[in-house]
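There's a structure below that I have some questions on.
The values are calculated or read from the model by the stated rules, or taken from the named source; none is laboratory data. In this text, all values refer to a predicted model and were calculated from it rather than measured experimentally. FYI the Cβ positions are ideal-geometry reconstructions off the backbone, even for glycines, and counts take in every protein chain you see. Quick note on the areas: whole protein, heavy atoms, side chains included, nothing else; ligands and nucleic acids left out. Shrake-Rupley method; radii C 1.70, N 1.55, O 1.52, S 1.80 Å.
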Amino acid sequence: MQLDVSIAFFIMGAIAVVLKSKIDFPKALYQSLTLFLMVAIGLKGGVALSAHASWDLIPQSLSVIAFGLFLPLLAFPVLFFIGRLDRKDAASIAAHYGSVSVGTYAVAVAFLESQDIAYEAYFPLFVVLLEMPAIVMGIMLARTKGAALDRRVLIHELFCNQGMVLMLGGLIIGFWAGARTESIAPFFFDLFHGVLALFLFEMGMVAATRLSQIKESGSFIFSFGIAMPLIGGLLGSWLGLAIGLSTGGAILLAVLGGSASYIAVPAAMRVVLPDANHGLSITASLGITFPFNVLIGIPTYVLFTQWLVN
């Protein structure tokens with residue numbers, strides 16, 4: 001498989017840091033690119049949903065939500081009992097790996113399109129659905145006997161985090177507007193790959209700057225940051241085919257299962273679990289799992305899913 005051009009930008013960003021090139025990537029630009037990708041993914045999915053909505057989506061959606069609840073339950077015992085992490089740290093990291101990475105999903109979509117692999121156009125619905133379950137499960141896993149839980153804070157973080165608002169909002173607008181989104185399509189749809197390339201350039205720089213933190217976090221976190229995506233990805237691929245998704249759809253569900261959040265969940269965990277080691281979670285998800293998925297994981301999920309189909 002050929003290297004996708006957007007992934008080449010990720011590599012360029014990492015090399016720039018290794019070479020100690022002084023590139024000042026504005027923080028505001030990175031935030032703008034992130035917001036753009038979330039809205040564009042939601043809009044595109046909403047438009048497709050308006051054309052392809054059916055009752056079959058209900059059992060598929062419930063299966064995806066159950067998948068999001070299961071992944072933290074799979075990750076937590078490994079982190080808590082084998083890695084011997086503090087309960088709150090283990091729960092926080094487990095929540096990161098139960099949720100999704102919008103950036104990884106965007107790379108996967110670009111990769112499938114470059115390989116002419118079709119997938120369900122309404123798939124962003126599943127991306128939105130996977131945002132919430134892991135946050136809930138992470139909070140439940142972190143609770144100790146007698147610990148109080150502010151339900152108002154929990155509900156606010158579940159439904160009002162930026163990923164949920166922007167992707168769900170874009171999904172609803174796209175579903176409502178349908179073909180009328182043609183007026184904004186040149187901006188949100190036609191520029192998607194260019195914005196993704198810039199986003200990955202910054203992500204390459206960020207990942208490279210975390211190399212020293214990866215060394216400090218130890219071999220366990222490094223191993224977990226690679227093993228967990230593979231397990232989640234393979235389970236996602238199997239589940240996708242089991243619930244009737246196409247080969248491309250199963251690949252995308254594998255990508256979601258193998259990804260780790262570095263936007264929505266970190267923000268939520270900082271509020272509801274302020275005592276957790278959030279630097280450890282970000283190092284694992286952004287410093288290890290994200291580059292692994294971009295460079296190795298996505299092609300692996302493609303090959304594995306195609307092997308299951310054949």
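Per the helix-only calculation at 222 nm, which mean residue ellipticity applies to the chain, given -39500 (n - 2.57) for every DSSP H run of n ≥ 4 and division by its residues, nearest 500 deg cm²/dmol?
About -22500 deg cm²/dmol.
Compute the Kirkwood hydrodynamic radius of the chain, taking the inverse of the mean of 1/r over all pairs of distinct Cα atoms, and give it in Å to one decimal.
That comes to 19.4 Å for the chain.
While we're looking at this one, here's another question. Rounded to the nearest whole Å², what accessible area per residue is found for the chain with the 1.4 Å probe?
Using a 1.4 Å probe on heavy atoms only, each residue of the chain averages 44 Å².
Limiting things to C-alpha atoms, what are the Rg and the maximum Cα-Cα separation (Dmax) for the stretch 168-290, in angstroms?
Here Rg and the maximum Cα pair distance are 17.8, 52 Å.
Follow-up question, since we're still on this one. What are the membrane-span-like helices in the chain by this rule: whole DSSP H runs, Cα extent along the axis at least 27 Å, mean Kyte-Doolittle hydropathy at least 1.6?
Correct list, ordered by number: 57-77, 219-242.
Let me ask another. Taking the stretch 233-310 on its own, what percent of its Cα-Cα pair distances exceed 20 Å?
The share of Cα pairs beyond 20 Å in the stretch 233-310 comes to 41 percent.
Show me 296-307, 199-210 ranked by packing, highest mean number of other Cβ atoms within 10 Å first.
The most tightly packed comes first, giving 199-210, 296-307.
A follow-up question, please. For a Förster distance of 25 Å, can you work out the FRET efficiency between the beta-carbons of Leu74 and Lys215, rounded to the nearest 0.05?
After rounding, the FRET efficiency stands at 0.40.
Ignoring ligands, DNA and RNA, please state the percent of accessible area on the chain from carbon and sulfur, probe 1.4 Å.
The C+S portion of the solvent-accessible surface of the chain is 66 percent.
Can you give the FRET efficiency to the nearest 0.05 for Lys27 and His52, using r as the Cβ-Cβ distance and R₀ = 30 Å?
That gives a FRET efficiency of 0.20.
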